[in-house]
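Here's the structure we're looking at; comments come further down.
Taken together, the values in this text are just the output of simple stated rules run on the coordinates, not laboratory data. Computed from a prediction, not measured in an experiment: that's the story for all the values here. Cβ placement follows ideal geometry from the backbone for every residue including glycine, while neighbour counts extend to all protein chains displayed.
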Amino acid sequence: MTAKRIIPCLDVRNGRVVKGVRFLSLRESGDPAALALEYERQGADEIVFLDITATIEKRPVFIQSIRKTAEHLFTPLSAGGGVRHENDARALLENGADKFTLNTAAVENPALIERCARCFGSQAVVVAVDAAGTGKHRKVAVRAGRCVLDLNAVDWARRAADCGAGEILLTSIDRDGTQSGYDLDLIHEVSSAVPVPVIASGGGGGPRDMAEALEAGADAVLAASIFHRGQYTVSQIKEWMHERGIPVRRT
């Protein structure tokens, strides 16, 4: 059975890691390079770096921050924020990222996914799907969650995969930062609809929540608050899962 991945997320604003609730009330959590190295030491399978204001400010991701974060990192790094063109993605890959994340620009122009998949391979293309709402009415949100579209989140995830996305980063905005558990119905619907791995995000409060997300169909679970606040380490999460027969990579 394929090992499940535990992925800490670094939401970065002005070069510092921040975290809030439902994309709001952001509080600083530290330096991205230092946190990435600490999570690598703990056994993280990947690190996700998201420049959360790049799209709003209409600029590319801060390449210097990516380079500094990746410089001494051996753990795979996925980076995103403000990727509007293949050249933006290329810059991330050339400065240490192993994958890049598309969000707003991909929704506005799905052909960007196809072009990036042709240029860099689907394995490097992660499409972030930010879902707002509950039940069958979950809609896609863009521009850091500030704009909710009349676009069904499951349908969009399916189309993104059809266009060449190698992975879906699925976030429930309503659960983000709440530590109330992942949106299991959403995870199940999207993982059943796409042939590519799904990373569950939004609401992780501990190992039990993560295990439930994996059981719902996710291939990996992403969290931020519980790691930044020191509530759990990656190694503690993995040990909990290993003891219960959930396949994880252990160092």
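Which residues, counting only those in segment 214-249, are among the aliphatic types (A, V, I, L, M) and over 14 Å from the mean Cα position of the chain (by Cα)?
Going residue by residue through segment 214-249, those that are among the aliphatic types (A, V, I, L, M) are 214, 216, 218, 220-224, 226, 234, 237, 241, 246, 248.
Correct list: Leu214, Ala216, Ile226, Val234, Ile237, Met241, Ile246, Val248.
Say we look at segment 33-81 and pick out the residues that are of a type outside the set (A, V, I, L, M, F, W, C) and in contact with a Pro (Cβ under 7 Å, 6 or more places away or on another chain); which of these is surrounded by the fewest Cβ atoms within 10 Å (Cβ to Cβ)?
Glu46
Just give me the residues in segment 147-156 being without any contact (Cβ under 8 Å) to a residue 40 or more places away in the chain and in contact with a helix residue (DSSP H, G or I) (Cβ under 9 Å, 6 or more places away or on another chain), in sequence order.
Passing the criteria: Cys147, Asn152, Ala153, Val154, Asp155.
From Thr171, Thr251, which residue is of a type in the set (Val, Ile, Thr), without any contact (Cβ under 8 Å) to a residue 60 or more places away in the chain and out of contact with any helix residue (DSSP H, G or I) (no Cβ under 7 Å at 6 or more places or on another chain)?
Thr171
Here are the criteria: (1) within 25 Å of Thr53 (Cα to Cα); (2) among the polar types (S, T, N, Q); (3) surrounded by 19 or more Cβ atoms within 10 Å (Cβ to Cβ). Tell me which single one Ser191 does not satisfy.
Of the numbered conditions (1) within 25 Å of Thr53 (Cα to Cα); (2) among the polar types (S, T, N, Q); (3) surrounded by 19 or more Cβ atoms within 10 Å (Cβ to Cβ), the odd one out for Ser191 is (1).
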